[in-house]
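Everything on this sheet refers to the single structure shown next.
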């Protein structure tokens, strides 16, 4: 429990502090490279550790079905609820309606962070080493995500103080997700493999939905090569951190 709470808290605190220390200009400059590194980290961890661990703990066919339906559900949500909205700003692969303002960002980011907390809890309850690797993956993704949200809120005309408060409140969704995930999964341990399967599916989906538009919409070979390099950095970091497990 202590490790889960600490990991979720570190993710929230580090992301919030970076928003203060980096500043708006650097946030806009480095959020995209960070998000590409996170893409490589997430997808590598999902296919080499999280999903295999889930299949080892339960029936592989059932785990495969969970992954399939999770991917279909995420695609459904993306197609019918997140696409086609007008007046959007897009940063780091995350689209936000201008009409929703700070409340929309707060709600969406809080839900996203809550799920991250659940992911961390399920990983630690399976294996502490896997929990550490997942924490690093979530942190890498969360930093890019929160920096992107922060930049969007500044573009919406918010003050630095208000943007920081909204981001800070949303980040503690990770802590609440970790606590709730711990109590549910430690009570009903049979759910842990399925929670891991959902985590792996979400990591793969988020990675590919963030990656493919970037590569498809860029015709400059130098930029494509640089983006691919950042992805490889994420892959290598993931293998180095979780490869010993």
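The values are calculated or read from the model by the stated rules, or taken from the named source; none is laboratory data. What you see is a predicted model, and the numbers here were worked out from it, not measured in a lab. Please note: Cβ atoms are built from the backbone with ideal geometry, for glycine as well, and neighbour counts cover all protein chains shown.
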- prompt: Is there any pair linking a residue in segment 172-189 that is under 10 Å from residue 4 (Cβ atoms) to one that is surrounded by fewer than 14 Cβ atoms within 10 Å (Cβ to Cβ), with Cβ under 7 Å and at least six apart or on different chains, and which?
  reply: 182/1
message: Going by what's in this entry, would residue 69 be described as assigned to a helix (DSSP H, G or I), surrounded by fewer than 17 Cβ atoms within 10 Å (Cβ to Cβ) and modelled with pLDDT under 70?
response: no
message: Can you tell me which of (1) modelled with pLDDT under 90; (2) closer than 28 Å to residue 239 by Cα; (3) surrounded by fewer than 18 Cβ atoms within 10 Å (Cβ to Cβ) is the one residue 37 doesn't meet?
response: (3)
- prompt: If you check 104, 108, which single one turns out to be out of contact with any helix residue (DSSP H, G or I) (no Cβ under 7 Å at 6 or more places or on another chain), modelled with pLDDT under 65, crowded, with 17+ Cβ neighbours inside 10 Å and in a helix (DSSP H, G or I)?
  reply: 108
field: Residue among 129, 121 that is closer than 26 Å to residue 237 by Cβ, modelled with pLDDT of 85 or more and surrounded by fewer than 16 Cβ atoms within 10 Å (Cβ to Cβ)
entry: 129
field: Selection count where residues are in a loop (DSSP other than H, G, I, E, B) and at pLDDT 70 or above, scope segment 197-222
entry: 1
message: Looking at the structure I just gave you, is residue 142 closer than 23 Å to residue 29 by Cβ and modelled with pLDDT of 70 or more?
response: yes
message: Suppose the filter is over 14 Å from the mean Cα position of the chain (by Cα), modelled with pLDDT under 90, surrounded by fewer than 18 Cβ atoms within 10 Å (Cβ to Cβ) and at positive phi; does residue 168 pass it?
response: no
